[in-house]
1. Name the single residue that is farthest from A:ARG132 (Cα to Cα) among those in the range A:175-198 being of a type in the set (Val, Ile, Thr) and within 16 Å of the chain's Cα centre (by Cα).
2. Testing A:PHE152 on (1) crowded, with 19+ Cβ neighbours inside 10 Å; (2) under 22 Å from A:LYS35 (Cα atoms); (3) more than 10 Å from chain B (Cβ to nearest Cβ), one condition comes back false. Which one is that?
3. Quick one: how many residues across the range B:20-32 are at the interface with chain A (Cβ under 7 Å from one of its Cβ atoms), at pLDDT 90 or above and either more than 14 Å from A:GLU157 (Cβ to Cβ) or part of a loop (DSSP other than H, G, I, E, B) (or both)?
4. From the list A:ALA74, A:ALA69, pick out the single residue that is of a type in the set (Gly, Ala, Ser), more than 9 Å from chain B (Cβ to nearest Cβ), in contact (Cβ under 8 Å) with a residue 40 or more places away in the chain and under 26 Å from A:LEU19 (Cβ atoms).
5. Would you confirm, using the coordinates I've provided, whether A:GLN120 is closer than 19 Å to B:PRO12 by Cβ, surrounded by 18 or more Cβ atoms within 10 Å (Cβ to Cβ), modelled with pLDDT under 90 and within 11 Å of another protein chain (Cβ to nearest Cβ)?
6. Hey, among A:LEU48, A:LEU82, which residue is more than 25 Å from B:ASN42 (Cα to Cα) and in contact (Cβ under 8 Å) with a residue 40 or more places away in the chain?
7. Under the condition of being without any contact (Cβ under 8 Å) to a residue 24 or more places away in the chain and farther than 21 Å from B:ARG21 by Cα, which residue from the range A:26-43 is surrounded by the most Cβ atoms within 10 Å (Cβ to Cβ)?
8. Quick check: anything in the range B:209-226 assigned to a helix (DSSP H, G or I) and at pLDDT 80 or above?
Amino acid sequence: MELQRQTGMPSGEDETWMLAYAAGDAQAFERLYLKHKGGLYRYFVRQLSDMTLAEDLYQETWSRVIKAAQSYQASAKFTTWLYRIAHNLLIDHVRAVKPVDSLSIDEDEPDAQANLVGPQTAEPDSELLRSRQVAWLKECIGLLPQVQKEAFLLNQESGLTAQLISEVAGATLEATKSRIRYAYQSLRDCLGRKTQESIE
Amino acid sequence: MTENKRDDAATPESQIDALYREGAVEQPPQTLDQQILQQARNNCRQAPEVIRPAPGFWQKHRYGLSAAASVMLVAGLFILNPELRNSSAPQLSAPASLEMSPQADSAEDAAQPARLQPMAAPQPMAAKRTAPQEQAVQQQDMPPQESAAKNRAVAEDTVQQRARMAPRQQQALAALPRDIDGRLDRLTSAIEVGELEQAAVLVRGIAADYQLTLPDTLAKALNPNESAQVEEAALQQLKQQSFIHQDTAPENAQVLNREQSERWQALLERLKQSLEVKENH
């Protein structure tokens, strides 16, 4: 808190920890790492089929954070900065955009998604079905277009607002909102279709 | 009812979010965690040394030390180079001499302001000296003590006399080169353009500095006219100036070599002819 007052820092604990680490507090970095390691790891793993590449990029992201710690200024949210580094590494390594297989996006029917994820009501006590749905969702996420996938993952893992996601991804706010909306819609369609297929 | 509708509308996305959170269990391997945390600890130990090095003595006093070094360099140059020390005094009075000098009427004269400065400067060191070259130009029929007294008087009145000098004579004196080749070049050009007064001053100055005797016919032709006293004062100045430069010049600097002697003789002959032509006209 004293550090925040001295530097005119934002109030986030991430920024405080980062500045503390820059001042020589290794424990602050450990706290920062434990907080963000899962989300960042999944950000890469869900977007890359190559697990080794995902781990390399994950490690490289933290390496850059460590090296840039001395010059870090809390002018932006730490999470935005962290995922911006990750985003840049990702687009450096993965340029190809994987198309969504047989996923249709129909913006004219916004209500068409109703209860597409609702098979659990048909099979109330199905733990097995629930675990299947989790697995289907992962598959469906893998089928999303790259930009939608990234927007969805940033929304889920980083907890950033649409505005901050747009800053990370280098897109406009409207485009980011559209990507997130289409991602949810595509996932609903995909899950509904897989559920239907399992029933049949 | 309204709240139920809102819940229903939020349900599909919430269900996806819930499903996602349920499946978001992937974590990086522990080895990767250890590597990253170890790198962070290593960087943390190195960082203070690299980023904030304590300023050393040389960094702390860099401005004072650089200023002191500059002063010592300049002082050393003045101590090691006496010519700089000698030439510094005349340069202090240069503006006064420049005000007295007439406007140069040729590009060559205008391009040689530096030669004017030593002539116009007070020369205490030269006034105190005695040298064989000075004795050579003293009047032969005058007792030594009287001649010395006259020289002192002339030296003291140099500035006032020069103010009364004809502009062309001042130019001739001001533009005199220091080395013999330059003076001979100057003499050549003066003869060629018909500036015989300037040529006469040059001849007398060279003859005085190099202890050269002039042919009688030419000596008569170069006999001082109504401004003889002024020219004599100028010659005294020339002599004294040449003594100053002898401090740094080699001993044989006042001796003409064979080529220069031949050139000197030829120029004397040309000057003599020019004077005869002028006299006939």
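1. The initial filter retains those residues of the range A:175-198 that are of a type in the set (Val, Ile, Thr), namely A:176, A:180, A:195.
Next cut, within 16 Å of the chain's Cα centre (by Cα) only: A:176, A:180.
Numbers: A:THR176: 29, A:ILE180: 23 Å.
Looking at the filtered set, the residue picked out is A:THR176.
2. A:PHE152 satisfies every listed condition except (3).
3. Narrowing the range B:20-32 to residues at the interface with chain A (Cβ under 7 Å from one of its Cβ atoms): B:20, B:22-24, B:26-28, B:32.
Applying the additional criterion that residues be at pLDDT 90 or above yields B:20, B:27-28, B:32.
Checking which are either more than 14 Å from A:GLU157 (Cβ to Cβ) or part of a loop (DSSP other than H, G, I, E, B) (or both) leaves us with B:27-28, B:32.
Qualifying residue count, the range B:20-32: 3.
4. On the way: A:ALA69 fails: more than 9 Å from chain B (Cβ to nearest Cβ).
Just a single option satisfies the conditions, and that option is A:ALA74.
5. Values: closer than 19 Å to B:PRO12 by Cβ: yes; surrounded by 18 or more Cβ atoms within 10 Å (Cβ to Cβ): no; modelled with pLDDT under 90: yes; within 11 Å of another protein chain (Cβ to nearest Cβ): yes.
Against the criterion (closer than 19 Å to B:PRO12 by Cβ, surrounded by 18 or more Cβ atoms within 10 Å (Cβ to Cβ), modelled with pLDDT under 90 and within 11 Å of another protein chain (Cβ to nearest Cβ)), A:GLN120 does not qualify.
6. Values: A:LEU82 fails: more than 25 Å from B:ASN42 (Cα to Cα).
Only one candidate qualifies: A:LEU48.
7. Here the answer is A:ALA28.
8. At the first step, the residues of the range B:209-226 found to be assigned to a helix (DSSP H, G or I) are B:209, B:216-221.
Now drop any that are not at pLDDT 80 or above, which leaves B:209.
Yes, the range B:209-226 contains at least one residue that is assigned to a helix (DSSP H, G or I) and at pLDDT 80 or above.
The values are calculated or read from the model by the stated rules, or taken from the named source; none is laboratory data. The shown structure was predicted, so the numbers you read here are calculated from the model rather than taken from an experiment. Glycine gets a Cβ as well: all are built from the backbone with ideal geometry, and neighbour counts include every protein chain shown.
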